[in-house]
Amino acid sequence: MAVMMQGFYWDCAKEENRLGEWWNYVAEKIPSLGKQGIGFDAIWLPPISKGASPGTMGYDPYDYFDLGDFDQKDSVKTSFGNRAELESLIKTIHDNGMGAIADMVINHNSGADEEEENPLDGQKRWTKFNPKSGKFPRNWDCFHPSRYEKVMLEGENFAGFPHLCHRNPKVYAAMYEYARLIIEDLDFDGFRFDFVKGFGAWMIGLLAKYQYQKKDNPNFSPFVVGEYWSGPDDIHDWLDAVSTLTDSQIAAFDFPLRYKLKDVCDTLNYDLRNLTDGTSVSAARPFNAVTFVDNHDMNDNFVTNDKMLGYSFILTQDGYPCVFWRDYYNYELARPDTPNGIDALVQAHHKHAGGESCILHADPDLYISQRGGTEDQSGLIYVLNNLGNQWSGTTVKTKWPNTRFIPVAWDGHDQAHPDERSTDEEGNGEFPAPPRGYCVYAPIFE
């Protein structure tokens, strides 16, 4: 019964003329998103540290411990605000029953103050950092290749800058202190790790298992999700590697599912049976998958058509769904007070999308699944129709005999109100959805 909001998109503060004010802007939205509003349980915030230049998104950290309070790199505030505003935002998040997820960029750095020679290979690189916070100054030995680890990893030259060498005790001590600042001092509730290909799984294991001292929760364990942008085999290998190092719940973004959903939304006549092949993270490891339709990194590969098809899938099926700020607000897919938008799907997720998942029917143009329900959630029937010109459905055998079903969320190229449905004494019933659309049916127990 959890749904995350990604609380930003690329250049969000610039595009909305809120440079230095994003924390305050997000805080205004929290009451409508939280426990007493739509019901998002967490919000993932962008990187909090000072980057290499004004207006940066923070994925180029210069001073990890400058949260917008030091005059350096031609600005005082970060693109999003300062520490006091961030702390106020996190308090507002918690006051509204939500958790705050921090974006951790612990490999590529940028904005070095001096170029210096690495004596291991004789090459000059920009690796001399003298941050005004006074914390975590660094030189060539903090980066690859280093005396502690010569290996060069994928994506090593981020904007010409090498990755940090986490095996250097100075580096991983700084990362520990940074993580402690985020959880203990700022009161975040978890981490989203950026580009986890760029460092060993052991580093996430260490930061996840660290015994953080929360004021009201001495046994606190952070939520952790990693961005491993690859195919299912690589992601499963990474999850296996991390799980051997920690007892914590570690998740990965479900990139394999996301690309299937892009095809569902953008490719006419896409074969919906591809959704049943078991290659997504959520299909194989539902409790380790964060599912999504788009995010800030998809600027050149956004879903451009019928995006609600994707949201209907992630908000009714297995996994921890994450809603993209730009879709919800800028593209106005929330559609409050209607059955046709993200708001209705989030509410359906909370009330109905619990229990075992079961695919009841799949052919090239029609997908029907069942959630079996729990003590707190009724269960549901989900219908996805890929035909562009007609309503479509078929008879399936559900777990509920002699039961009435009402449509609770739907959308498509025809937004006519779907009819109620019912099952016979064996649980059989016919469930349709609009053209290029979906419908979520909830059982009514009378």
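The values are calculated or read from the model by the stated rules, or taken from the named source; none is laboratory data. Source: prediction; values computed, not measured. When we count neighbours, we look across all protein chains shown, and the Cβ atoms used for this are built from the backbone with ideal geometry, even at glycine. Quick note on the areas: whole protein, heavy atoms, side chains included, nothing else; ligands and nucleic acids left out. Shrake-Rupley method; radii C 1.70, N 1.55, O 1.52, S 1.80 Å.
Listing for the model above:
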item	result
ASP63 long-range amide H proximity, modeled H, under 5 Å	LYS50
Residues of the stretch 49-202: accessible area per residue with a 1.4 Å probe, Å²	37 Å²
Paramagnetic reach from THR244 in the stretch 159-201 [backbone N under 16 Å; point 7 Å along Cα→Cβ]	200-201
Estimated inter-spin distance, GLU149 and TYR331, nm [label 7 Å along Cα→Cβ]	3.6 nm
J(HN,Hα) series, the stretch 256-270, from Karplus relation 6.51 cos²θ - 1.76 cosθ + 1.60, nearest Hz, glycine and proline x	x, 5, 4, 5, 5, 5, 4, 5, 4, 6, 9, 10, 5, 6, 4
Sequence-distant residues sharing a close amide H with LEU366 (under 5 Å, placed H)	LEU272, ASN386
Normalised contact order of the stretch 345-406, rounded percent, pairs of Cα under 8 Å and 6 or more residues apart	27 percent
Eligible lysines near LYS214 by straight Cα distance, threshold 16 Å, same-chain separation 8 or greater	LYS91
Cross-link reach list, aspartates and glutamates versus LYS29, counting only Cα pairs under 15 Å and skipping chain neighbours closer than eight places	GLU16, GLU21, ASP41, GLU85, ASP95, ASP327, GLU332, ASP343
The chain: relative contact order in percent, alpha carbon pairs under 8 Å with at least 6 residues between	11 percent
Fraction of beta bridges assigned by DSSP in the chain that are antiparallel (%, nearest 5)	65 percent
Cα-based reach from LYS262 at 19 Å (exclusive), listing lysines while leaving out same-chain residues under 8 positions away	LYS307
Residue-wise HN-Hα coupling along the stretch 184-197, computed from phi with Karplus coefficients 6.51, -1.76, 1.60 (Hz; x: Gly, Pro)	7, 7, 8, 6, 5, 10, x, 10, 10, 8, 7, 6, 6, 4
Rounded percent of accessible protein surface that carbon and sulfur make up, the chain, 1.4 Å probe	46 percent
Protection proxy ranking of 361-369, 379-387 - average other beta-carbon atoms within 10 Å, highest first	379-387, 361-369
Proportion of all alpha-carbon pairs of the chain beyond 34 Å (%)	36 percent
